[in-house]
Amino acid sequence: MSALSSNTKYYKEAYTLFQQCTKKDDRQDLANKVFEEASSTTSDTCKITKSCSREFEQLLPHVTLPTILSSFFDRLTETDLDDFIRDRSACFVLEKLLSYLPNHLSTENQQIHTAYDRLFQCICENFDDYIQETGTSHIIASTISFLHPLINSNDNNEYEQLIDGGRTPKKFFELPADWNVDEKLREIKKLIKKNTNYNEFVYATLLRTCGYLNEKLYIKLVDHICEKHYSEINLEHILDKRSSFIFEVLLEFPSEQRNNILYEIVLNNIDEIYLHSIGNFFLQHLLLTLNEKDLIEKIYLLIMNDDRFTKLVEKGQIRLLITFIRVCERFHCHYEELISRLKLSINCTNPSISEFIPSVLKLRAAGVYSEVAAYEFTTLTTVPGVIRYKGAKIQLLDLPGIIEGAKDGKGRGKQVIAVARTCNLIYIVLDVLKPLGHKRLIEYELEGFGIRLNREPPNIYFKRKDKGGINYQALVPQTSLDLDTVKAILGEYKIHNADIIIRCDATEDDIIDLIEGNRIYVPAIYVLNKIDQISVEELDIIYKIPHCVPISAHHKWNFDDLLEKMWIYLKLTRIYTKPKGQLPDYSAPVVLAQGRSSVEDFCNKIHRALLTDFKYALVWGASVKHLPQKVGKEHFLLDEDVVQIVKKAG
């Protein structure tokens with residue numbers, strides 16, 4: 001491998017292989033090997049990173065060994081660091097590296113300390129040039145924030161972080177005294193004061209770092225920035241895309257400007273702020289950083305104004321609403337009132353309001369419940385639940401919706417469809433007013449991921465062999481296959497010797513699925529929702545569509561039919577147990593899956609040790625001729641049979 005250490009083709013091929021890996025461990029091993037090779041002394045680390053910056057950006061999050069990341073950082077900063085930082089694509093790799101290194105920091109890691117000092121010195125020497133460009137200014141910001149390194153959470157679910165509402169504190173690594181953090185912050189402050197270029201992002205990063213580490217320096221810096229750039233803070237500053245960076249940081253730490261100016265601007269201009277894209281985010285940030293209950297009370301009275309609250313719901317400002325709910329919960333004020341108000345909005349007959357509330361809002365606020373809303377993508381995360389039907393407990397997973405391109409990973413589609421592959425039955429929920437277009441789209445995405453809906457595996461025998469060519473037999477007439485077609489398909493997979501016996505009217509796709517060997521055949525029910533919006537005549541037509549069940553989730557219409565169809569498609573078998581000398585227990589049946597309903601399967605379901613002492617079983621029910629009847633472990637049971645196991649003596 002060392003011979004390839006400076007060959008960029010090797011790294012690009014390794015990245016292609018990385019994309020093909022499906023297991024997490026394989027991806028991590030490959031990423032570790034790539035960065036270990038790139039960091040070796042025989043490699044030109046900077047040159048390789050410049051040429052393979054896009055690939056390294058994708059591989060970097062999967063590197064798990066701290067020594068490899070430390071070595072890579074050390075090698076990047078050894079030579080030609082200024083040229084490396086000025087490279088537009090390479091500097092993004094360095095920026096991402098600085099965000100991942102805190103997870104691997106330790107007080108004994110001198111290599112990272114040395115490499116950081118080189119980077120800091122380079123930043124100071126070229127500060128005036130770097131602060132003018134977007135890419136290099138981000139390196140300045142990342143270098144500053146590394147002085148108070150944030151340990152990233154393993155949970156990258158943005159929605160879960162939103163639901164948390166700021167209750168979980170951020171974790172930082174405390175750097176040892178020999179890093180001279182205060183001196184470095186003062187040096188950056190001097191450089192900023194001398195420089196005529198004003199970069200809000202760099203200023204905001206320095207402000208936040210000083211706020212955490214040096215309160216006096218933070219106050220001086222705030223006074224300097226406000227005096228030089230914001231002599232009179234007003235609403236326009238808060239709603240400006242660039243200057244909002246500064247004022248979001250001012251909300252996080254106490255200062256005269258925050259307490260006497262920013263809070264007053266928000267309270268006096270709530271109408272201009274709460275529906276504005278930047279103002280809305282600013283208001284969320286304010287709520288998350290608040291520690292004053294009196295101010296929460298004032299904001300609550302403003303937002304709960306009938307007109308404002310209605311607009312907030314109609315415009316779908318879900319993030320602000322959830323943040324407000326969590327803050328009210330944290331301060332134990334108006335929480336129940338806010339939830340009740342939201343429930344009224346959910347049940348409101350006005351469609352524009354009822355469409356908005358997502359299912360997860362009530363799930364988090366009122367327990368494990370997946371709310372129904374009248375618009376697509378109401379479910380934003382997997383919601384588990386249990387259905388109790390005919391004595392059986394059936395687990396239901398409410399999955400997020402998928403979009404076009406889901407099989408290729410768009411909208412986290414691969415994760416969603418991967419869960420669907422493990423299910424025994426799939427509900428596909430469609431809008432009854434536009435079912436066909438969405439039905440075709442979902443079927444196409446699932447087909448692309450190897451899921452075959454409402455189909456049985458083709459009755460085809462296939463076996464590879466070492467020699468003898470293709471032995472083809474069709475035991476039933478074929479409409480689309482012949483020997484030449486089968487040979488052509490097998491030839492595409494470089495199979496030239498095999499036995500293939502077809503016992504059904506198969507298609508080319510059936511042959512391909514058989515060779516691939518990773519197809520899943522799952523029953524599916526198409527749930528057509530919102531039948532309250534169509535006529536009875538249209539409903540009669542819809543009922544004739546195969547595998548479909550029309551319902552109204554809002555009015556809870558036709559749920560019984562849906563559950564019954566679920567039971568039929570799952571083909572479950574309920575077996576009741578009967579202890580010796582007692583009545584059968586009809587309250588908790590043992591549920592067996594289709595094709596696995598023998599007495600042996602029944603025993604294994606209860607406990608595997610039962611088969612060790614098994615003598616025979618007494619069965620009452622439709623599977624036997626006499627009541628009771630002695631049977632062996634090979635006997636197949638039918639639904640609602642009653643079974644008593646008799647063990648060997650002694």
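The values are calculated or read from the model by the stated rules, or taken from the named source; none is laboratory data. The structure presented is a predicted model; accordingly, all values stated were derived computationally and were not measured. Here Cβ is always computed from backbone atoms with ideal geometry, including for glycine, and neighbour counts include all displayed protein chains.
Taken over region 281-311, the criterion of being farther than 26 Å from I246 by Cα and of a type in the set (A, V, I, L, M) is satisfied by L301, M304.
A quick yes/no check of all residues on (1) in contact with a Gly (Cβ under 9 Å, 6 or more places away or on another chain); (2) more than 25 Å from T143 (Cβ to Cβ):
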position: C210; (1), (2): no, no
position: E215; (1), (2): no, no
position: Y218; (1), (2): yes, no
position: L235; (1), (2): yes, yes
position: R258; (1), (2): no, yes
position: I265; (1), (2): no, yes
position: N269; (1), (2): yes, yes
position: H276; (1), (2): no, yes
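Of the strands (runs of 3 or more DSSP E) lying entirely inside region 379-487, those containing at least 1 residues that are modelled with pLDDT of 80 or more and basic (K, R) are 383-389, 392-398, 451-453, 460-464. Within region 551-562, identify whether any single residue is touching a residue at least 40 places away in the same chain (Cβ under 8 Å), assigned by TED's automatic domain parsing to the domain that holds K390 and surrounded by 12 or more Cβ atoms within 10 Å (Cβ to Cβ), and answer yes or no. Checked region 551-562: at least one residue is touching a residue at least 40 places away in the same chain (Cβ under 8 Å), assigned by TED's automatic domain parsing to the domain that holds K390 and surrounded by 12 or more Cβ atoms within 10 Å (Cβ to Cβ).
Can you name every one of the helices (runs of 4 or more DSSP H) wholly within region 183-248 that holds 1 or more residues which are basic (K, R) and under 40 Å from the mean Cα position of the chain (by Cα)? Hits in region 183-248: 200-213.
Considering only residues that are touching a Cys at 6+ places or on another chain (Cβ under 8 Å) and assigned to a helix (DSSP H, G or I), which ones fall in region 76-128? Selection gives L76, L81, D82, D83, F84, I85, A90.
When region 245-267 is examined, which residues are found to be within 23 Å of S145 (Cβ to Cβ) and without any contact (Cβ under 8 Å) to a residue 40 or more places away in the chain? Matches in region 245-267: F247, L251, P254, S255, Q257, R258, L262. Number of residues in region 129-146 that are crowded, with 17+ Cβ neighbours inside 10 Å and outside any helix (DSSP H, G or I) equals 2. Within region 288-326, being over 14 Å from Y274 (Cβ atoms), outside any loop (DSSP other than H, G, I, E, B) and touching a helix residue (DSSP H, G or I) at 6+ places or on another chain (Cβ under 7 Å) holds for L288, K293, L295, I296, I322, I325.
When each of K434, K467 is tested for being more than 24 Å from V486 (Cα to Cα) and basic (K, R), the lone residue that passes is K434.
For region 35-63, the set of residues classified as part of a helix (DSSP H, G or I) and more than 18 Å from F92 (Cα to Cα) consists of E36, E37, listed by residue number. Suppose the filter is farther than 30 Å from L425 by Cα, without any contact (Cβ under 8 Å) to a residue 24 or more places away in the chain, of a type outside the set (A, V, I, L, M) and not in a loop (DSSP other than H, G, I, E, B); does K630 pass it? So K630 passes the test. Residue count for region 266-277, restricted to those that are assigned to a helix (DSSP H, G or I) and crowded, with 17+ Cβ neighbours inside 10 Å: 3. Look at region 274-293: where a residue is in contact (Cβ under 8 Å) with a residue 40 or more places away in the chain and a partner is surrounded by fewer than 16 Cβ atoms within 10 Å (Cβ to Cβ) and part of a loop (DSSP other than H, G, I, E, B), sitting 6+ places away or on another chain with Cβ atoms under 8 Å, you get L275/K315; I278/D240; I278/K241; K293/C333. Mind checking which pairs have a first residue in region 445-465 that is within 24 Å of I545 (Cβ to Cβ) and a second that is of a type outside the set (S, T, N, Q) and assigned to a loop (DSSP other than H, G, I, E, B), Cβ under 6 Å, 6 or more apart or different chains? Pairs found: E445/I402; R452/R519; N454/P523; N454/H547. All of (1) within 24 Å of the chain's Cα centre (by Cα); (2) of a type outside the set (F, W, Y); (3) closer than 25 Å to N109 by Cα; (4) modelled with pLDDT under 90 hold for D25 with one exception: (3). Taken across region 493-506, residues that are under 38 Å from the mean Cα position of the chain (by Cα), over 19 Å from N471 (Cβ atoms), part of a loop (DSSP other than H, G, I, E, B) and not aromatic (F, W, Y) do not occur at all.
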